[in-house]
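Only one structure is covered here, and it is reproduced in the block below.
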Amino acid sequence: MAAIDDLTEGRGSEPLGEMAAESPAMPEVVFDVEELSVYYGEFQAIQDASLKVHENEITAFIGPSGCGKTTLLRCFNRMNDLIETARVTGSLRYHGVDLYDSKVDAVEVRRRIGMVFQKPNPFPKSIRANVAYGPRVAGLAKKGPVMDDIVENSLRKAALWDEVKDRLDDNALGLSGGQQQRLCIARAIATDPDVLLMDEPCSALDPIATTRIEELMHGLKDDYSIVVVTHNMQQAARVSDRTAFFSVDVNPDSDNRTGILVEYDSTQQIFSNPSDERTENYVTGRFG
Amino acid sequence: MTFSTIGTVAKRGATGFERKRTDLAGGLFKAVILSALVVSLLVLAVLLIDTVVDAWSQLSTRAWDFLNGSLRSRSIDDKLGVKQGLYGSFWIGVFVASTAFPIGVGAAIYLEEYAAKSRLAALIELVIRNLAGVPSVVYGLLGLFLFVERSTIFGFVGLGWLADATGGRSVLSAGLTLAVLVLPIVIITAQEAVRSVPSGLKEGAYGLGATKSEMVWTQILPYAAPGILTGTLLAMSRAIGEAAPLILVGAITGGLTRNPELWDASGLREKFTALPIIIVEWVSERGRDPGFAEAAAAAIVVLLALVLLLNMTAILLRNRFERKRG
């Protein structure tokens, strides 16, 4: 098993057990994942992943297709619950609370932990109604000045306000792909979450729209902790503070493919001096 | 040199494309399928033209009277008309829409979004699909048993209260019977509409903290609405054209004393008739009184117009919603 030690840059690795959150230089731990495995029926999508996601940082999950990175991301707001056959073992703590405790309400979790999907998926409604959706179902606001403020602030944070302020009541499907994705980000932050999960948010966008989203992520980092799954290594290198590299483990007997977390470290370390050979092969483009 | 090479390649590549033989089998096949289309359209056209021509004597001279008139024993009668049938068919449509629609949509959403994917669910699905193919006479029998006669199930569950509520042989019984008849169709079309909702919309709603019921109300129902509506309207037009179940439920062809206005709900629990029944009756009367052939044709035109109107509404609604969806 590779190094999954949590590092502070330049300090080198420490044994797993001693890296508690008390260390003053360490940002607070948002997600503490321990030995997490996810199964879809008989199929194991990811095995024994352990890592810590820190506050106000961007954590990137990279790796080849089928390595379980999206599966892991979808555990963070319990979206996997929507798949009937999905089963999760191990522990996943969010600010110390076990997210998979029987007392935890998945709906409440999703209100606190926002998600942006691979393909922009605005609702076929007005721009305003899209942003207002989350606050409305959460009962934060209904209409009027309070909701108007939420809509404006969310769109401003998502760097979309200037482009849409004159057409808030137009259908969101009339926006360009990049604008739609920024609208989805605005929609996700309208419920005032603490974390933003992004599942390959730029894979359906052109390079210019991608750059805008990346710039936006840099700005959002001050207010939110962001976990981003990406196929694009350069993107991970550009935007993230820490990077987790996942790979696929093929069982020679059964031919079952299981995702594993190979290495988790500061992004700089992963891209300049990875400790695992598989990581090095992947980030230098010599994978497989 | 390179140029000349390309030249030869192009030359060689361009030969051999000329048509060597006429494609006999292909031409024949095209002719056969085209004639299949022509034959089916021709049959329809002949039927339609013949009906309209027959109906002309009634519709050209006294269309309004015909729409407002009632069942008569002789075809040469100033008061002959189909209003009682219109009344029956209209209210049958209303009952079908108001009962089959909510029940069908509810069942479809439960099956698609709530029911666990189990063997039982698969079985239920299969049963519903088969129910859609059960002959309408069988539903007529069911309606007779449930809504008309004071029956008992298994010898002890009395259904007398149902017959009392519907008034027995009434429009209400007929409407409910036809609602049961079209229910499987409504469920199946609604299921398909619900299934067509993009998973991205559902995930988007869940991702923002919507509960399942909020997701259903805010995403599934609005998105599936056009499909559900067109399905229901088509089911209604099917119900309005049915005759066999109505005969069993007790639609009558004579002896109706009243001729109520369309919106007069006081006739709902009384004896009734409907357009298809009137058509059957007048066609069978034409041996005794040839004038009824023309009256029947005119009634057919009225029924066709009604069904066409429903179908057109369905198409218009679907197109409008689809444009709005972008």
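The numbers here are math on the coordinates, done by the rules we state, and not lab data. Since the structure is predicted, the reported quantities are computational estimates derived from the model, not experimental observations. Here the Cβ positions follow ideal geometry from the backbone for every residue, glycine too, while neighbour counts run over all protein chains shown.
Could you give me the percent of Cα pairs per 5 Å distance bin for chain A, shortest bin first, beginning at zero and ending with the bin that holds the maximum distance?
Using 5 Å bins, I get a P(r) of 1, 5, 12, 16, 18, 16, 13, 9, 5, 3, 1, 0, 0 for chain A.
With θ set to phi - 60° and the Karplus curve 6.51 cos²θ - 1.76 cosθ + 1.60, what are the ³J(HN,Hα) couplings of the range B:35-46 in order, to the nearest whole Hz, using x for Gly and Pro?
Listing the rounded values in order: 5, 4, 5, 4, 4, 5, 5, 4, 4, 4, 4, 4 Hz.
Please give every one of the lysines within straight-line cross-link reach of residue B:30, meaning a C-alpha to C-alpha distance under 30 Å, and leave out same-chain neighbours fewer than 8 residues apart.
B:20
Would you tally the net charge around residue B:169, using a Cβ to Cβ cut-off of less than 15 Å, leaving residue B:169 out, and scoring K and R as +1, D and E as -1? Please report the intermediate quantities before stating the final value.
Working: positive: B:150, B:258, B:269, B:271; negative: B:149, B:164, B:270.
Summing Lys/Arg as +1 and Asp/Glu as -1 gives +1.
According to the square roots a ≥ b ≥ c of the eigenvalues of the Cα gyration tensor, what is the shape class of the range B:29-178, taking rounded for a/c under 1.5, prolate for a/b larger than b/c otherwise, and oblate for the remainder?
Oblate, since a/c reaches 1.5 and b/c is not below a/b.
Relative contact order, percent, of chain A when contacts are C-alpha pairs under 8 Å separated by at least 6 residues?
On the way: 573 pairs, mean separation 74.4, N = 288.
Across chain A, relative contact order equals 26 percent.
Where the centroid of each part is defined by its Cα atoms, how far is the range A:112-182 from the range A:62-98 in Å?
26
Mean-square fluctuation check for chain B, GNM, Cα pairs under 10 Å: which of B:70, B:284, B:213 is largest?
B:213
Give me the log10 of I(q) over I(0) for the range B:61-325 at q = 0.15 Å⁻¹, as the Debye formula computes it from C-alpha points; what are the numbers?
Taking Cα atoms of the range B:61-325 as identical point scatterers yields -1.09.
Express in nm, to one decimal, how much length is gained between residue B:141 and residue B:122 on full extension, taking 0.36 nm for each residue of separation and deducting their alpha carbon distance.
Numbers: separation 19, 0.36 × 19 = 6.84 nm, distance 2.73 nm.
Extending this stretch completely gives an extra 4.1 nm.
Treating each Cα of the range B:177-326 as an identical point scatterer and ignoring solvent, apply the Debye formula and state log10 I(q)/I(0) at q = 0.11, 0.12 Å⁻¹.
-0.61, -0.69
How large, in Å, is the range B:235-284 by the Kirkwood hydrodynamic radius built from its alpha-carbon pairs?
Details: mean 1/r = 0.0844 Å⁻¹.
After inverting the mean inverse Cα-Cα distance, the result is 11.8 Å.
Beyond 30 Å, how much of the Cα-Cα pair distribution for the protein assembly as shown remains, as a whole percent?
Numbers: 126497 of 188191 pairs.
Result for the distance tail: 67 percent.
Taking only complete DSSP H runs, can you tell me which helices of chain A stretch 15 Å or more along their own long axis by Cα positions and average at least -0.5 on the Kyte-Doolittle scale? Let's see the in-between values first.
On the way: long enough: A:127-137 (16 Å, 0.06); A:144-157 (20 Å, -0.47); A:177-189 (18 Å, -0.11); A:207-220 (19 Å, 0.16).
Span-like helices in chain A: A:127-137, A:144-157, A:177-189, A:207-220.
So how do B:76, B:109 line up by other beta-carbon neighbours within 10 Å, fewest first? Don't skip to the answer; put the middle values down first.
Numbers: B:76 8, B:109 21.
Ordered by Cβ neighbours within 10 Å, fewest first: B:76, B:109.
Check cross-link reach from residue A:103 to the lysines: straight Cα distance under 21 Å, and skip same-chain residues fewer than eight apart.
Within the straight-line cut-off, residue A:103 pairs with B:212.
Suppose R0 equals 51 Å; then what is the FRET efficiency for residue B:217 and residue B:288 from their Cβ-Cβ distance, rounded to the nearest 0.05?
Values: r = 58 Å, r/R0 = 1.14.
Plugging the Cβ-Cβ distance into 1/(1 + (r/R0)^6) gives 0.30.
Tell me the net charge near residue B:182. Cut-off is 11 Å between Cβ atoms, residue B:182 excluded, with +1 for each Lys or Arg and -1 for each Asp or Glu. Could you put the intermediate results ahead of the total?
Values: positive: B:238; negative: B:242.
So the surrounding residues net to 0.
Under the 0.36 nm per residue contour assumption, what length would be gained going from the current alpha-carbon distance of residue B:258 and residue B:74 to full extension?
Numbers: separation 184, 0.36 × 184 = 66.24 nm, distance 1.76 nm.
Contour length minus the Cα-Cα distance gives 64.5 nm.
Between residue B:31 and residue B:195, what is the label-to-label distance in nm when each label sits 7 Å out along the Cα-to-Cβ direction?
Each label point is offset 7 Å from its Cα along the Cβ direction, giving 4.1 nm.
Once the piece of chain linking residue A:208 and residue A:173 is laid out straight, how much longer is it, given 0.36 nm per residue of separation minus the C-alpha distance between them?
Net length gain for the segment: 10.7 nm.
Go through the range B:65-79 residue by residue and turn each phi into a ³J(HN,Hα) via Karplus (6.51, -1.76, 1.60, θ = phi - 60°); whole Hz please, and just put x for glycine and proline.
Running phi through 6.51 cos²θ - 1.76 cosθ + 1.60 with θ = phi - 60° gives 4, 5, 5, 9, x, 10, 5, 10, 8, 10, 6, 8, 8, 4, 9 Hz.
Expressed as a whole number of Å, what is the distance separating the alpha-carbon centroids of the range B:294-318 and the range B:234-289?
16
Kirkwood Rh over alpha-carbon pairs of the range B:153-213, then Stokes-Einstein at 25 °C and 0.890 mPa s: what D in µm² s⁻¹, rounded to an integer? Each step should come with its number before you reach the end.
Values: Rh = 15.5 Å.
D, rounded to a whole number, is 159 µm²/s.
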